[in-house]
Amino acid sequence: MENKRLRPRALITLLRKRARQHRCRIVEEPGRGKGSHRLYIVLGPDDVEVGRITVPDHSRALSSTVLRSVERALAHQFGDRWLEEK
């Protein structure tokens with residue numbers, strides 16, 4: 001992962017872009033999550049869940065720990081270093 005800071009909105013935008021490239025889609029699970037966090041589920045081409053992540057629901061930049069966790073959680077689907085721009 002590059003040493004960069006993303007806001008939650010930019011992370012979700014990038015996640016949706018990568019999902020489209022891999023013929024997946026992202027669904028927000030309403031009413032789920034913990035506190036000020038939102039739960040997102042990654043559905044594969046057959047609408048089978050292939051991953052899930054939790055993203056804070058605030059406008060501050062995400063920490064590198066959170067970004068690393070999100071990248072690792074979906075590396076099996078999108079490949080290593082999928083957060084980096086190509």
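The values are calculated or read from the model by the stated rules, or taken from the named source; none is laboratory data. Computed from a predicted model, the values in this text were never measured in an experiment. Cβ placement follows ideal geometry from the backbone for every residue including glycine, while neighbour counts extend to all protein chains displayed. Areas reflect the complete protein model, heavy atoms only, side chains present, ligands, DNA and RNA absent. Shrake-Rupley method; radii C 1.70, N 1.55, O 1.52, S 1.80 Å.
Listing for the model above:
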quantity: Exclusive hit being touching a helix residue (DSSP H, G or I) at 6+ places or on another chain (Cβ under 8 Å) and not in a strand (DSSP E or B), set Arg23, Arg18; calculated: Arg18
quantity: Count - residues of region 10-50 that are at positive phi and either β-branched (Val, Ile, Thr) or touching a Leu at 6+ places or on another chain (Cβ under 6 Å) (or both); calculated: 1
quantity: Qualifying residue in region 53-66 (condition: open to solvent by 90 Å² or more (accessible area, probe 1.4 Å) and under 12 Å from the mean Cα position of the chain (by Cα)); calculated: no
quantity: Arg9 vs. criteria modelled with pLDDT of 90 or more, open to solvent by 30 Å² or more (accessible area, probe 1.4 Å), in a helix (DSSP H, G or I) and out of contact with any helix residue (DSSP H, G or I) (no Cβ under 6 Å at 6 or more places or on another chain); calculated: yes
quantity: Residues being polar (S, T, N, Q) and in a strand (DSSP E or B) - total across region 35-53; calculated: 0
quantity: Lone unmet requirement of (1) open to solvent by 60 Å² or more (accessible area, probe 1.4 Å); (2) in contact with an Asp or Glu (Cβ under 8 Å, 6 or more places away or on another chain) for Val42; calculated: (1)
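Each row is one residue, and each column tells you yes or no for (1) of a type in the set (A, V, I, L, M, F, W, C); (2) open to solvent by less than 90 Å² (accessible area, probe 1.4 Å).
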{"residue": "Leu14", "(1), (2)": "yes, yes"}
{"residue": "Val27", "(1), (2)": "yes, yes"}
{"residue": "Val48", "(1), (2)": "yes, yes"}
{"residue": "Arg72", "(1), (2)": "no, no"}
{"residue": "Gly79", "(1), (2)": "no, yes"}
